[in-house]
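Chemist: Provided herewith is a single structure, encoded as structure tokens, for subsequent inquiry.
Read the figures in this text as sums done on the coordinates, not as results from a lab. Owing to the predicted nature of the structure, the values given are computational and were not obtained by experimental measurement. All Cβ positions, even for glycine, are placed from backbone atoms using ideal geometry, and neighbour counts span all protein chains on display.
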Amino acid sequence: MLESVRIARRQSEIRQELATLAAKPTPTEDETRSMETLDAEYRTNETRYRAALIAEDTERREAGADLETRSDREYSELLTRFELRQVALALDEGRALDGATAEIVQELRAAGGFRGVPVPWQALEVRTGETVAAGVPDPISTRPIIDRLFPGSVVGQMGAQMISIDSGAAEWPVVTSSVTAGWADGETANVAGPAAFVTTDRAMKPDHNLGIQMRVTRRSLKQSGAALEAAIRRDMSGALAQELDKAVFLGTGANGQPLGVVSGAGTYGIAATAINAAPEYKDFLAEIVAFMTANAVSNPGQVRALMRPEMFGYLESTLNEVTQTTEYHRLAFLLAGQRPSGTFPGNIVVTSNALAAPAGDPLAVSMLLTTSTGGVAPMFVGAWGAIDMIRDPYSDAQSGGLRITALATMDVTVARPVQSRVLTGLRLA
């Protein structure tokens, strides 16, 4: 029982006793002393009652906050017990799902329609203790563990934010107005007139479906046992991360692909600078200054750079005669704010998947610079619902195998184009 309720009940009892004693025209000395004692207790309880209400209000707020987040915590704990092995066996043998896996699948089905078995995105994490060997999973061989799907990918390293969308389209209103301040020119003059507060909606729509097909042999199903879950998760996460890296930056916006950040720079309004020459330190410095001029960054260390391996090789092999350092180390020094101790500082990402291969004569490549401003990511990657796992037991029926198709609906958008800049025509000779 709450202390305030206990005190309130005692106060009610005191009032009843006082009412009884006060009704007597000639109370005795004992009754008079009793009235004085009850009166003193009543005044003391009033102070205790107010203190109890204050303390319990804090407890109620904490309990309310706990209740608001408890469902998310419980669902996260439930996801840690999701087993992809059950999904594979259900698709292959028709085995019924049980435990946490069945509960999650039922909840996902209630949220949206799926042709096959829905698999949550969080299930693509590889958990401690799961192993996989070359070709066929083998519990004896311990291999590196993948903690999550995207943090190690180029998309995650370049500051993209993953958005989970239940259904329908999602949009983010971004402020695009330039509200300025002005001084009053004189004692009776007016200050600067009102400027309209304008926002632009950046929408993502479920128009782009990514599919992954896997062939699970009968030997894998019978030999691997529980380790099959790690193999399916590893292959699926690797394929998703690789294709997502390519689509986020190089998506054409046609043939079912989303519009990528680099290929769609003009559509998104991202500034593109055509170097059309061998890159030098001054070219990168000019882009950093442009970020600062647009109030997107306050120091160069907030900028991330994405480049091709060929560009890294060219910059690392080009020696500046004045500083006696390579052009790559000058760029790394600029972005890191200090001389980097390793080959690749944390804010320089080298990839051959997310940028187009060298082309032209002489060969030239592109480069992307991004930053996060005010807690807003330079790009958003939307994922709708869960991954839809669909079985095909007929294509490989002669060998007893199983084909699994994983369908994922995703899209890409850029919130503020000022947070990204593209350099083109970076020649390698």
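Chemist: Using a 7 Å offset from the Cα along the Cα-to-Cβ direction at both residue 222 and residue 235, what is the distance between the two label points in nm, to one decimal?
Modeler: 1.8
Chemist: How far apart, in nm, are two points set 7 Å out from the Cα along the Cα-to-Cβ line at residue 298 and at residue 267?
Modeler: Calculated label separation equals 3.6 nm.
Chemist: While we're looking at this one, here's another question. Calculate the spin-label point distance for residue 161 paired with residue 316, positioning each point 7 Å from the Cα along the beta-carbon direction, and give it in nanometres.
Modeler: Simple spin-label model gives 3.4 nm for this pair.
Chemist: What is the fewest-to-most order of 219, 43 by other Cβ atoms lying within 10 Å of their Cβ?
Modeler: Fewest-to-most Cβ neighbours within 10 Å comes out as 43, 219.
Chemist: Does region 364-409 come out rounded, prolate or oblate by the C-alpha gyration tensor, with a ≥ b ≥ c the root eigenvalues, rounded set by a/c under 1.5 and, if not, prolate when a/b is larger than b/c and oblate if not?
Modeler: Oblate, because a/c is 1.5 or more while a/b does not exceed b/c.
Chemist: Based on the Cβ-Cβ distance of residue 396 and residue 363, what FRET efficiency does E = 1/(1 + (r/R0)^6) give at R0 = 45 Å, to the nearest 0.05?
Modeler: Once the sixth-power term is evaluated, E becomes 0.55.
Chemist: Here is a further query. Length gain on complete extension for the stretch residue 325 to residue 44, per 0.36 nm per residue less the alpha carbon to alpha carbon distance?
Modeler: Gain in length upon complete extension: 93.2 nm.
Chemist: Between residue 56 and residue 77, what's the calculated FRET efficiency when r is the beta-carbon distance and R0 is 30 Å? Round to 0.05.
Modeler: Approximately 0.55, to the nearest 0.05.
Chemist: First measure r as the distance between the Cβ atoms of residue 278 and residue 254, then evaluate 1/(1 + (r/R0)^6) with R0 = 41 Å and state the FRET efficiency to the nearest 0.05.
Modeler: Between residue 278 and residue 254 the formula returns 0.80.
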